[in-house]
Amino acid sequence: MPNQEPAAFLDASDRIAYRHVTGDGPTILWLGGFLSDMTGSKITRLTAEAKARGWDFLCFDYFAHGETGGDFTEARVGRWFDNVLAVTDRLTQGRLVCVGSSMGGHMLSLLIKARPDRVAAAGFLAPAADFATALMLASLSPEDRRQLEVSGVYMMPGYDRPVPLSQAFFDEAAAHEVLNAAIAFDGPVRILHGMGDDVVPWQHGLRLLETLTTPDAHMHLIKDGDHRLSRPQDLDLLVEMVASLRARVA
């Protein structure tokens, strides 16, 4: 992408590609969505804002995503969360303003539970908490379920290529669910969700809002917004949300 520096790499259990804009104040940690990577419009916009405003901003690609690479058939929710923990523990210090988009909302929920002393503020875009079990698996048709039972793999359409999701993937994901109990958190929470989202219904975002214990939680519904929330006006709302959360923590 234009205006992007070459990726750096963190050697953890996976070799994780990341980009870090060095700045002042709390680090803004971006947790991306399923099959999203560091070339996306949201990261591009936040990178530009971080450089212009002097923010500290960190983003990365999960295993089998973007420049990190890897065999997607070996991907698991727990493996992606291990990537999140490695980046958090080894590349950041102090209190964090974390922003999770779609699947990244699930990763952020897990991070709040695992590192409650590190996450100071949480922003979500169309959060897909329990995305694998509550959304992907639950949406399979009877024919899709038969395919999964017979072959052990469901080829999920809707991306630039069919995505193989195995029974083992879904079984492992069940061990990382977050909506089955309250998520203890006392920091500010902000959620942006499009009411036209046909991937993660806005009512699912409301479930996460109800699960987080903090009273300082607000949800902004965008009536004509879709799942991507990548229009210029949506990106403006994202920047406003991040700036507001950062100001509350700084």
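The values are calculated or read from the model by the stated rules, or taken from the named source; none is laboratory data. None of these values were measured; they are calculated from a predicted model. For neighbour counting, all protein chains shown are included, and Cβ atoms are generated from backbone atoms with ideal geometry for every residue, glycine included. For accessibility, only protein heavy atoms count, side chains too; no ligands or nucleic acids. Shrake-Rupley method; radii C 1.70, N 1.55, O 1.52, S 1.80 Å.
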Can you pull out the residues in region 198-232 that are closer than 20 Å to Lys42 by Cβ and small (Gly, Ala, Ser)? Gly205, Gly225, Ser230
Look at Asp56 and say whether it is crowded, with 22+ Cβ neighbours inside 10 Å, closer than 22 Å to Gly123 by Cβ, among the charged types (D, E, K, R) and touching a strand residue (DSSP E or B) at 6+ places or on another chain (Cβ under 6 Å). no
If we scan region 128-136, do we find a residue that is within 26 Å of Ile191 (Cβ to Cβ), open to solvent by 20 Å² or more (accessible area, probe 1.4 Å), of a type in the set (Val, Ile, Thr) and part of a helix (DSSP H, G or I)? yes
Which number in (1) surrounded by 20 or more Cβ atoms within 10 Å (Cβ to Cβ); (2) under 16 Å from Leu35 (Cα atoms) marks the one condition that Leu96 misses? (2)
Please find, within region 137-167, the residue that is surrounded by the most Cβ atoms within 10 Å (Cβ to Cβ) out of those that are over 21 Å from Gly194 (Cα atoms) and among the hydroxyl-bearing types (Ser, Thr, Tyr). Tyr154
Got a number for residues in region 28-51 being under 16 Å from the mean Cα position of the chain (by Cα) and either of a type in the set (Val, Ile, Thr) or closer than 18 Å to Ala247 by Cα (or both)? 7
Residues (open to solvent by less than 10 Å² (accessible area, probe 1.4 Å) and either more than 17 Å from Thr214 (Cα to Cα) or basic (Lys, Arg) (or both)) located in region 168-191: Phe169, Phe170, Ala173
Determine if region 202-225 includes at least one residue that is among the aliphatic types (A, V, I, L, M), touching a residue at least 12 places away in the same chain (Cβ under 8 Å) and within 26 Å of Gly66 (Cα to Cα). no
Residues Ala64, Ala50: which one is open to solvent by less than 50 Å² (accessible area, probe 1.4 Å), free of Cβ contacts under 8 Å to residues at least 12 places away in the same chain and not charged (D, E, K, R)? Ala64
